[in-house]
1. Could you look through region 56-84, keep only residues that are within 16 Å of ligand 2 (Cβ to nearest atom) and open to solvent by 50 Å² or more (accessible area, probe 1.4 Å), and pick out the one that is nearest to LEU151 (Cα to Cα)?
2. Would you call GLY211 surrounded by fewer than 17 Cβ atoms within 10 Å (Cβ to Cβ), within 14 Å of ligand 2 (Cβ to nearest atom) and farther than 19 Å from ALA77 by Cα?
3. Report the residue count in region 21-47 for those that are more than 23 Å from ALA185 (Cβ to Cβ), away from ligand 2 (no atom under 12 Å from the Cβ) and surrounded by 24 or more Cβ atoms within 10 Å (Cβ to Cβ).
4. Identify the single condition in (1) assigned to a loop (DSSP other than H, G, I, E, B); (2) more than 16 Å from ligand 2 (Cβ to nearest atom); (3) open to solvent by less than 50 Å² (accessible area, probe 1.4 Å) that ILE304 does not satisfy, given that it satisfies every other one.
5. For region 98-133, how many residues meet the condition of being under 11 Å from LEU144 (Cβ atoms) and over 29 Å from the mean Cα position of the chain (by Cα)?
6. Let me confirm something: among GLY30, GLY59, GLY42, GLY22, which residue is more than 15 Å from ligand 1 (Cβ to nearest atom), farther than 15 Å from PRO154 by Cα, assigned by TED's automatic domain parsing to the domain that holds LEU159 and touching a residue at least 12 places away in the same chain (Cβ under 8 Å)?
7. Looking at region 186-206 only, could you name the residues that are within 16 Å of ligand 2 (Cβ to nearest atom), of a type outside the set (Val, Ile, Thr) and in a strand (DSSP E or B)?
8. Quick check: is even one residue across region 99-119 within 16 Å of ligand 1 (Cβ to nearest atom), part of a loop (DSSP other than H, G, I, E, B), open to solvent by 10 Å² or more (accessible area, probe 1.4 Å) and in the same structural domain as LEU157 (by TED's automatic domain parsing)?
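The values are calculated or read from the model by the stated rules, or taken from the named source; none is laboratory data. Please read all numbers here as calculations on a predicted model, not as lab measurements. Neighbour counts run over all protein chains shown; Cβ positions are idealised from the backbone, glycine included. The area values use the complete protein model at the heavy-atom level, side chains included, leaving out ligands, DNA and RNA. Shrake-Rupley method; radii C 1.70, N 1.55, O 1.52, S 1.80 Å.
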Amino acid sequence: MDTIIEVKGLKKYYKGTEAVKGLDLSVHKGEIFGFLGPNGAGKSTTINMLSTIIKPSEGHAKINGFDNVKEKNKVRASIGLIFQASTLDEKLTANENLKLHCKFYGVKKSLREDRIQEVLEIVDLTDKRYKIVETFSGGMKRRLEIARGLLNYPKVLFLDEPTVGLDPQTRAHLWDYILKLKEKAGITIFLTTHSMEEAEICDRVAIMDHGELIALDTPDQLKSKVGGDIIHVSTEANQAAKALIEERYEAEVTEDGEGLSFRVENGSKLLIDFVKQFDIPIKSVNLRRPTLNDVFLQLAGREIREENVSTKTSGNRNLARRGR
Ligand SMILES: Nc1ncnc2c1ncn2[C@@H]1O[C@H](COP(=O)(O)OP(=O)(O)OP(=O)(O)O)[C@@H](O)[C@H]1O
Ligand SMILES: [Mg+2]
């Protein structure tokens, strides 16, 4: 398999923070590679180093064969970049935003007209070309940013949290475009996300926590490592139920505000006995296969949506209980 991004020992220190602690990975040509991790994991820092926006403290990366420190301009010519926060000029029209980008990124004058039309078609914004960006919805702005990232025919498109803040329908829509890009243009897509559902769509997912990769594989492989089934139960007395499950099934139990989850082997068989024999009245119970959230929970000892990641503590149970 061809490699388009090769990362070796990439590190970034800020004063008092080791944002990225030595990253090694390779991204295959044409894949959608997802970077999944909680707030502060180092996802944006990594994307910014790969796309030459910030300089690594140590290590390096090759993107499309070019070094991210020594051959910045060549890297930039090979990539499209969509930042976490919008960088559109909202007072300008879509067309003006795209024209400016062509200028900055050295798209020849004679090509600009065609390129702008082409990228707007990809994201279905042709009819908004001469409209002021301020009047766009969040989803339309994101699509325009993607269009802008495609103007130079990039080999790799970096998307930092492309769908954050968008409603579910717009999210799904945007994903259609991302998948279309992969299929039609053969572009390699490197994106970051907090969302398990989005990570599921990726060909491979790297899970990052506290500046380190804690897993890297296809979503299916990652989930199969967790194994077994998850029973989710809500009872009349969840605290007492938790203690009982921990004792009876020797399982690690996590709470999610609505109930309790624990992992078991052969869940469908166990579920019937569980319901029959459980001493505390059950409000609801269901059985499901592990998700990427369970993968993260098992590896990091807490859920990914947890916002407070500033203190690293060991001991899975305490972390799982924290902040609920
Ligand atoms: N310019 C900076 N100066 C100092 N510290 C920084 C700077 N940028 C990032 N950091 C720190 O580096 C760590 C990683 O930040 P980064 O933005 O890469 O995380 P992230 O995974 O993208 O998080 P989020 O999901 O919130 O976007 C954090 O602890 C952050 O506070
Ligand atoms: Mg970020």
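1. From region 56-84, those within 16 Å of ligand 2 (Cβ to nearest atom) are 81-84; that's our starting set.
Among the residues that remain, those that are also open to solvent by 50 Å² or more (accessible area, probe 1.4 Å) are: 83-84.
Working: PHE83: 15, GLN84: 19 Å.
Filtering region 56-84 for residues that are within 16 Å of ligand 2 (Cβ to nearest atom) and open to solvent by 50 Å² or more (accessible area, probe 1.4 Å), the one nearest to LEU151 (Cα to Cα) comes out as PHE83.
2. On the way: surrounded by fewer than 17 Cβ atoms within 10 Å (Cβ to Cβ): no; within 14 Å of ligand 2 (Cβ to nearest atom): yes; farther than 19 Å from ALA77 by Cα: yes.
Taking the combined requirement at face value, the residue does not satisfy it.
3. Result for region 21-47: 1.
4. Only one criterion is unmet by ILE304, namely (2).
5. So the answer is 2.
6. GLY59
7. Scanning region 186-206 gives PHE190, LEU191, ALA206.
8. Within region 99-119 (the criterion being within 16 Å of ligand 1 (Cβ to nearest atom), part of a loop (DSSP other than H, G, I, E, B), open to solvent by 10 Å² or more (accessible area, probe 1.4 Å) and in the same structural domain as LEU157 (by TED's automatic domain parsing)), the answer is no, since none of the residues qualifies.
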